[in-house]
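A short write-up of the structure that comes next.
The values are calculated or read from the model by the stated rules, or taken from the named source; none is laboratory data. Owing to the predicted nature of the structure, the values given are computational and were not obtained by experimental measurement. Using ideal geometry, Cβ is built from the backbone for each residue, glycine included, and neighbour counts are taken over all protein chains shown.
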Amino acid sequence: MNEKKFRICVYIVLFILVIVFFTKDFNLFSDFYKNIKPVKHPERLDALVNKNYRLEEDYMPSDLEEVDIEFSHEHKYLRHDAKIAFEKMATIAKKEGYQIVLVSAYRSYSYQEELYNYYVKTSGKNYADRCSARPGHSEHQTGLALDIMGENGDYNRFEDTKEFEWMQKHAHEYGFILRYPSDGYDITGFKYEPWHYRYVGIELATYLTNKKITLDEYYFKKYGK
Ligand SMILES: [Zn+2]
């Protein structure tokens, strides 16, 4: 191969890389929001709700309970088991000098719809799909997901807090997992969210944390895609 041909090849490869890099963000090559299936057993602790598994509009967990206001920004609801586990975790963290505060918990389909539409209206659909979930596709609707903040009072900067470090070590001991890890976008469809945790029970949370795999990967292996 002469120098000219070599240079053309390099340009072609670079061109392809640039295209792949930019389109990745806009889901052109991904399966997100394509081939959508219903969530069959939303009440199960390992229920998978993501950009391809959708909850019914009228799905609302039957055992929602209000979380102790001591650990919550305002009135928030979680399913019974998740609420008990969260309060236990926040109580123990507090005793050790860490302030874990609930910012968002159960969200209804209609609330998620409002939230998603707000992002679409203010920042466009691509942005909305990157930072939010379409209605029916948010696991906040399961009553098992929660967003938290720490001492700096800003969930967006939760990663900078000592509470985040504490959660890294202890969340699984109470049945919670960091649902959207920094390197998980291609699998979960969501960018890194250090503030978002999901209750799956102690056994599964410990397993996923030790194995360093996402709930999506576990689910696909167990039940198929
Ligand atoms: Zn969240």
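Quick notes on this one:
- Gly136 being more than 18 Å from Pro38 (Cβ to Cβ), within 16 Å of the ligand (Cβ to nearest atom) and in contact with an Asp or Glu (Cβ under 7 Å, 6 or more places away or on another chain): no
- Filtered residue count, the stretch 187-225, keeping only those that are away from the ligand (no atom under 16 Å from the Cβ) and at positive phi: 3
- Residues located in the stretch 184-214, provided they are closer than 22 Å to Ala90 by Cβ and either of a type in the set (A, V, I, L, M, F, W, C) or more than 10 Å from the chain's Cα centre (by Cα) (or both): Trp195, Tyr199, Val200, Gly201, Ile202, Glu203, Leu204, Ala205, Thr206, Leu208, Thr209
- Any pair with Cβ under 8 angstrom, 6 or more apart, that starts in the stretch 175-201 at a residue that is free of Cβ contacts under 8 Å to residues at least 12 places away in the same chain and ends at one that is surrounded by fewer than 21 Cβ atoms within 10 Å (Cβ to Cβ) and not aromatic (Phe, Trp, Tyr): Tyr185/Lys191
- Only one of Tyr106, Tyr119, Tyr111, Tyr59 that is surrounded by fewer than 20 Cβ atoms within 10 Å (Cβ to Cβ), at negative phi, touching a Phe, Trp or Tyr at 6+ places or on another chain (Cβ under 9 Å) and free of Cβ contacts under 8 Å to residues at least 60 places away in the same chain: Tyr119
- Odd one out for Ile148, checked against (1) away from the ligand (no atom under 13 Å from the Cβ); (2) farther than 23 Å from Ser62 by Cβ: (1)
- Among residues of the stretch 34-52 that are free of Cβ contacts under 8 Å to residues at least 40 places away in the same chain, those with a Cβ under 9 angstrom from a residue that is surrounded by fewer than 14 Cβ atoms within 10 Å (Cβ to Cβ) and among the small types (Gly, Ala, Ser), sequence gap 6+ or separate chain, pair up as Glu43/Ser62.
- Any chance Gly184 is surrounded by 15 or more Cβ atoms within 10 Å (Cβ to Cβ) and away from the ligand (no atom under 13 Å from the Cβ): yes
- Identity of the residue in the stretch 129-145, at pLDDT 95 or above and farther than 13 Å from Tyr109 by Cα, that ends up surrounded by the fewest Cβ atoms within 10 Å (Cβ to Cβ): Ala145
- Members of the stretch 164-181 that are more than 16 Å from the ligand (Cβ to nearest atom) and either crowded, with 20+ Cβ neighbours inside 10 Å or more than 15 Å from Ala90 (Cα to Cα) (or both): His172, Tyr174, Gly175
- Restricting attention to the stretch 193-225 and to residues that are in a loop (DSSP other than H, G, I, E, B) and modelled with pLDDT of 95 or more, the residue that is nearest to Val101 (Cα to Cα) turns out to be Trp195.
- Unique residue being within 13 Å of the chain's Cα centre (by Cα) and surrounded by 22 or more Cβ atoms within 10 Å (Cβ to Cβ) when the list is Ile100, Ile148: Ile148
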